[in-house]
1. Write down the percent of antiparallel bridges among all DSSP beta bridges whose residues are both part of segment 18-103, to the nearest 5.
2. Could you pull out the chymotrypsin sites (Phe, Trp or Tyr not before Pro) across segment 17-109 that fall in loop regions by DSSP (anything but H, G, I, E, B) with no more than 16 other Cβ atoms inside 10 Å?
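Coordinate-derived values only; no laboratory data. Here the structure is a predicted model, which means the values were calculated and not measured. Cβ sites come from the backbone with ideal geometry, for glycine too, and all protein chains shown count toward neighbours.
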Amino acid sequence: MITPCRNIKITLFYPGSLGETYVSTSGRTFNLPANWPNYTGQSLVADLIVKGITGVSGYVSEPYLSAMVNPKILFDRYTKGYNLAESYYMAIRNVYWKTVVIGDPLCAPYYNSAVNK
């Protein structure tokens, strides 16, 4: 079950949008908190998925800043034509760490066969 969105001001994401949360436990669950709808804890990647994001990364527990996805690398690779999975995994400094990536791994809206040979 995916959590309904809480107080997120964005109403939708464009097809192919990516996100990085920088929230220490945003990937910990897809279940509703026990005190829903009065929950005021950290946001979840599930909130963004419900809003239509194509891919997002989150963390199951405190990842420390040095282990979080590097957005400069993520968006650079994605807009150069790499697919979602390649872009995230190039941007993750410690692949074995606490990061979860959710989305269509083959999504590549900027793919250009002339560039990606």
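1. Working: 5 of 8 bridges.
Just about 60 percent of them are antiparallel.
2. Working: sites: Y22, F30, Y39, Y59, Y64, F75, Y78, Y82, Y88, Y89, Y96, W97; in loops: Y22, F30, Y39, Y64, Y82, Y96, W97.
Those that pass, being in a loop and sparsely packed, are Y22, F30, Y39, Y64, Y96, W97.
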